[in-house]
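To keep things clear, I will list the structure first and then write my remarks on it.
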Amino acid sequence: MKKMIIMAVLSLFAILPTEAQYHVGRYPTSHSRVNQRYGYRENFFGLRIGPAFTSVHSDDSNLDSGLQTGINIGMAAGFNIAYRAPLYLETGLYYIEKGGNTKLGGDKMTYDLNYVEVPLVIKYIYEVDPDFNIQPFLGVYGAVGIGGKVKNFGNRVATSSFSNDLFRRGDAGIRIGCGVGFDMFYADLTYDLGLANISDDSFDTATNGAFMINIGMNF
């Protein structure tokens, strides 16, 4: 599943740039609906990929973790929600690798928490000049766990992250960040602050945290 998701999105990265021959300059493209009076596009589609630096914060010292690096990859779509302003509702579909690492009895333990994630943010696209813009955003995300392993390097045992009463599959929280656009190219810094308890323990709580650096293109 993980390899299929990554390969599908990477294939889109390879195919869609061929559409760039139709680009007409400025922020809108010929494939976008453009507000003729105010000059900005009414919707857009984008591709994103980059590293995710993640950790798990927990009451249980065995789960409270240091940083772990994974991948964040997916697609985004934005829709203008204010006729007289470049204010957008942006959503998308992402595959993201979260998790953490810690010590258990002096031995290293890692846990991978792989999710399919759907964000929903409000984004304002401030145009600095015809080719460059700044895009702050704030919203929420929801995710469902689709795989991952807990690995104890002391006894060399690996188990599924979402079985054996370890982690719950559901996750949700706040997303905040800021992007920049240059012509068709896009980059952002994003932070996911998990609010949902992902621990399957009756007494302790655990939440995700993820800092992402994404690059991509908008069409």
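The values are calculated or read from the model by the stated rules, or taken from the named source; none is laboratory data. None of these values were measured; they are calculated from a predicted model. When we count neighbours, we look across all protein chains shown, and the Cβ atoms used for this are built from the backbone with ideal geometry, even at glycine. Side chains are part of the model used for accessible areas, which takes the heavy atoms of the whole protein and leaves out ligands, DNA and RNA. Shrake-Rupley method; radii C 1.70, N 1.55, O 1.52, S 1.80 Å.
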D (µm²/s, integer) via Stokes-Einstein for the stretch 180-219, Kirkwood Rh across alpha-carbon pairs, 10 °C, 1.306 mPa s: value 127 µm²/s
The FRET efficiency for Val118 and Asp200, from their Cβ-Cβ distance with R0 = 22 Å and rounded to 0.05, is 0.50
Carbon/sulfur accessible area of the stretch 139-219, % of total, 1.4 Å probe, equals 64 percent
What Kirkwood hydrodynamic radius, in Å, does the stretch 73-162 give when the mean of 1/r is taken over all pairs of distinct Cα atoms and then inverted? 15.9 Å
Could you give the length gained by full extension between Asp131 and Asp60, i.e. 0.36 nm per residue of separation minus their alpha carbon distance, to one decimal place? 20.7 nm
Residue-normalised accessible area of the stretch 136-182, expressed per residue, 1.4 Å probe, Å²: 53 Å²
Show me, bin by bin at 10 Å from 0, the whole-percent P(r) of the stretch 117-173 based on Cα pairs. 19, 27, 21, 17, 13, 4
Test of understanding: express the Cα radius of gyration of the stretch 101-219 as a ratio to 2.2 N^0.38 Å, with N the residue count. 1.34
Here the Kirkwood hydrodynamic radius of the stretch 37-107, Cα-based and in Å, equals 15.1 Å
Please go through the stretch 131-215 and write out the chymotrypsin sites (Phe, Trp or Tyr not before Pro) that DSSP classes as loop and that have at most 14 other C-beta atoms within 10 Å. Phe153, Phe203
